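We did not get these values from a lab; they are worked out from the coordinates using the rules stated. Remember, it's a predicted structure, so these values are computed and weren't measured experimentally. Positions of Cβ are generated from backbone atoms using ideal geometry, with glycine treated the same way; all protein chains shown enter the neighbour counts.
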Amino acid sequence: MKTIEREIVVIGAGPAGLCAAIEAARAGAQVMLVDENSRPGGQLFKQIHKFFGSAEHMAGTRGYEIAGSLARQAADAGVEFWPDTVAYGIFKEGVGLVRGEQGYIVKAGKTIVAAGGSEDPVAFPGSTLPGVMTAGAAQTLVNVHRVLPGRRIVILGSGNVGLILAYQLLQAGADVAAVIERAERIGGYGVHAAKIRRAGVPILTGSTVVAAEGTESLERLHVASVAADGSVVPGSEQTIEADTLCLAVGMSPLTELLWQAGADFDYIAELGGFVPLHDSRMESTVPGLYVAGDVTGVEEAPIAMEEGRLAGIYAAEACGRLESAAAENLRAHAIERISQLESGTGESRKRARHKQLNDMQRSCCGKEC
């Protein structure tokens, strides 16, 4: 075990972590960015579609192009990138890392956790058959490795991830048999739904998969209508022949490191489940431990990027690398961009974020945060 020192350690090299590292390094901080993958970018490398939004958030640019741009900016800023590195704990002694066969304890002045989120599973009879996979796994196969996950595919979930995946599979030559959504309305943008509907793909709302069957791998799915109380409607079952089912039913923050570090949490369903409490500086209830991106609550990539920028700015300022006036100018621009992005997320998510900040204030009453 080796012990080393760095001014700021950023865990996770997705959009939030990259932006945090870039801002802190540009301020003059010594920044180490670690990720378990071999290259920075996180989920962006799976995303071949063009992003919506403003020019500031790279609208009209494909996800993998954004990843490449951020990686170059990080290198130009002097960020020290450690690929293929697992962060296994945050201790009083420092951040625990494993790279290859070597273990490290990194004594960090400040730590930023941008670990992202993980896809939610669904359990039903046959859900462990080969051919049943997450949407992210399918995106990795088709968009990164150029391999179709199957020939006749069903998507479970009509959020943006499911709808975009359905269109990408169609472009790659797959037969998308259906998109199935438990709710009565699609969860993603209408523009994505319109594309796959024009291609003749049915979107079965108010429905769910009740079972999967196959001898050695998936061969067919049993789909049924769902009543208002969540129960399956008797007699509504239909069979869809398919060799692949892609699960796109949501994500949850990857918070294990923060639990282990002793951060306080709250359960906020709109943000994906248990989320770490943080203040307006993106600092958790553990002093010197900052959070950004989907680990704070599942959002779109542009919001994750801005949260990362905020965390990087505040961490650099706390290390004495930014004058207050310069930090305030950078913060103001990032906060304004976040406000613009959140204006389109809906009132429920705004209330959820407000609750997260309020609960942080209550958690810190009577103790040092």
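Annotations
- Estimated vicinal HN-Hα couplings, Hz - region 187-194 in sequence order (Karplus 6.51, -1.76, 1.60; Gly, Pro = x): x, x, 6, x, 5, 6, 5, 4
- Based on Cα atoms of region 2-120, Rg over Rh with Rh as the Kirkwood radius reads 1.00.
- Shape category assigned to region 168-242 from the gyration tensor of Cα positions, a/c cut at 1.5: oblate
- Summarising the strand pairing of region 121-247, around 40 percent of its internal DSSP beta bridges are antiparallel.
- Folded to 0 to 90 degrees: helix 347-364 orientation relative to the chain principal axis, Cα: 40
- Sorting the segments 279-291, 65-77 by their residues' average number of neighbouring beta-carbon atoms within 10 angstrom, most packed first, yields 279-291, 65-77.
- Given +1 at the Cβ of Lys and Arg, -1 at the Cβ of Asp and Glu and no other charges, the dipole of the chain around its Cα centre is 600 debye to the nearest 20.
- Separation between Cα centres of region 86-141 and region 202-265, rounded to whole Å: 22
- From least to most packed, judged by other beta carbons within 10 angstrom and beginning with the fewest, His192, His145, His49, His278 follow the order His145, His49, His192, His278.
- Listed peptides 222-231, 179-188, 85-94 by packing density, highest first (mean Cβ within 10 Å): 179-188, 85-94, 222-231
- Taking all C-alpha pairs of region 121-247, those more than 22 Å from each other amount to 29 percent.
- In order along region 131-140, the Karplus-derived 3J(HN,Hα) couplings, from 6.51 cos²θ - 1.76 cosθ + 1.60 at θ = phi - 60°, round to x, 9, 8, 7, 4, x, 5, 5, 5, 4 Hz, and Gly and Pro are given as x.
- Computed [θ] at 222 nm, deg cm²/dmol, the chain (DSSP H ≥ 4; -39,500 (n - 2.57); rounded to nearest 500): -9500 deg cm²/dmol
- Of Lys46/Lys107; Lys46/Lys195; Lys50/Lys195; Lys2/Lys92, pairs whose Cα-Cα distance is over 23 Å: Lys46/Lys107
- Counting only Cα atoms, the size of the chain along its three principal axes is 65, 42, 39 Å, in decreasing order.
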